[in-house]
Every structure is written in C-alpha cells, then in structure tokens.
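This report concerns only the one structure given below.
The values are calculated or read from the model by the stated rules, or taken from the named source; none is laboratory data. A quick note: this is a predicted structure, and the numbers were derived from the prediction, not measured. Note that each Cβ is placed from the backbone with ideal geometry, even for glycine, and that neighbours are counted across all protein chains shown.
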Amino acid sequence: MKTMFTKPVPSSARGRRQAVRVRLDGLCAGYPGRPVLDQLTADITGLATTALVGPNGSGKSTLLGVVAGVIRPTSGQLRHHGGRPPAFVPQRGAVGDTLPLSVRQTVEMGRWGERGPWRRLTRQDRAAVDAALDRLGIGDLAPRQLGEVSGGQRQRALIAQGLAQESDLLLLDEPTTGLDPEARERIAGVLTDLVRDGVTVVQATHDLRAARAADTCLLLRGGRLVGQGPPQDVLTTEALAEVWQPA
C-alpha cells in the first residue's frame, strides 16, 4: 500500500475550491481475520463537507480510520493533497465519562501531536486551545469535568480537540448521534462555518438529515462504494432501501 502526500496548497488558494483533497484507489482494509473495505475507489472533495453513509458494518468508521492514518490498508493507494495530518474526532462513546479530565484538558490533548503528553504547552498551544474552545462556544465550560457536562457539550469538546490540531482536514465519526435537535443544529452550524473558513470536513453518519446537508456523499454497503455524488443524487429512496436491505 502506498500513502502519498502532495505539495500543500498555499494559503492564497484556500478560498478556491479544490477538485480533490483525498483520493482512494482500490483500497482494501480491515482487521485481523475480518476484511472490511473491498477495492474501494473514491474521491473526497476539498473545501467541502463529505458524508459517509451506510448501515452498521458498511465500512464508514474503517474508512475514516484509514484516512486518519490509524488503520493501515492491506492494499491499494491513498493520496492526501494537503499539508498537516488529518484531525480525527472519534465517536463520543469512545471517550469514557469517568476520565478525570476537564473540558480544557480534553481540548489540550489536541496539541499532543505537537508537544507529546508530557511536555509543557507553549503560548501558541494555549492560544490554539483558547481559539478552539471559543469557536465551539464552550469557553465557560473549560474548568468543568468532561463527565459532568451534557452530551452535546461533550461532543463540542471533542470537536474542539480536533480543531486545536489546526489541521485543514477534519474527520468525525458520528458527531451528532444521540444528541438533541438543538445540539445537532449547533454542531452542523459549526461544521458549515469551518468549511467556509477553509477546512475540509468528512463525517461518518447515520443521520440522513446531516448527510443531505453535506456537499457530497459516499454511500457504502459491505465495504464497497455503491454511490458517490451530491446527496440528492445519491441518497434516493431506492438507493437507501437497497443499501439497508438484509444481505
């Protein structure tokens, strides 16, 4: 498997929409004894929101993990067009309620890629954390324990952790699952603003309303790509019924 990084896009070009940000070609990936992605070829558009849609076991989270660099493909090719490594925000349930972390400490973990967990944060690191907290509207929650805040507030803290990495590619796994409508709307608004500011957003989601609000969708079934394009073309009643029917 080859992973290739091309020359970063200059800041002067950030206002222009890129044709492709991530290209996947014949990608296969999975876990020991359990293949998941099967010869997947797709493009992720730059400076846009992409929704990964499909039933449980379709490969959404595995695909995010491959793009994030935490899962190594067994074959195929992955090309990143950009500079800094992607920022990956896992499912909210993957972060335990009992972890003795404040909201601020949770966001500060986003700077560990720069400093490591044992080194003192610099002024620049603290500024990045402050900016991420403010961007998600949770600056007043900074001293609170993560397990004490609401589900929507926890999710915003995790997204802020991703923003603190200062990447221009943000990957999110089910960012709105289990949240009330107000929390879902707030997070959707944040993601829309991020794209406007030059961040490429990719989210795996079961929320069809969120998927239909994306710029483009990848529809998966059984680790294979069965549809790619604008939501109105991909997420048709017929296509969804076929994807969710029992194998």
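Worth a mention:
- Qualifying position, being closer than 24 Å to ASP233 by Cβ, hydroxyl-bearing (Ser, Thr, Tyr) and assigned by TED's automatic domain parsing to the domain that holds LEU64, among THR192, THR177: THR192
- Restricting the range 133-159 to residues that are modelled with pLDDT of 95 or more and small (Gly, Ala, Ser), the residue that is surrounded by the fewest Cβ atoms within 10 Å (Cβ to Cβ): GLY139
- Residue match in the range 199-208 (condition: of a type in the set (Asp, Glu) and out of contact with any Asp or Glu (no Cβ under 9 Å at 6 or more places or on another chain)): no
- Considering the range 51-123, the qualifying helices (runs of 4 or more DSSP H), each wholly inside and each with 1 or more residues that are modelled with pLDDT of 95 or more and surrounded by 14 or more Cβ atoms within 10 Å (Cβ to Cβ), run over 60-68, 103-108.
- Single residue of the range 209-237 satisfying the filter (at pLDDT 95 or above and assigned to a helix (DSSP H, G or I)) that is surrounded by the fewest Cβ atoms within 10 Å (Cβ to Cβ): THR237
- Selection of the range 124-183 for residues being closer than 30 Å to ARG23 by Cα and of a type in the set (Val, Ile, Thr) yields ILE159, THR176, THR177.
- Scanning the range 174-208 for residues that are among the acidic types (Asp, Glu) and outside any helix (DSSP H, G or I) returns GLU174, ASP180, ASP197, ASP207.
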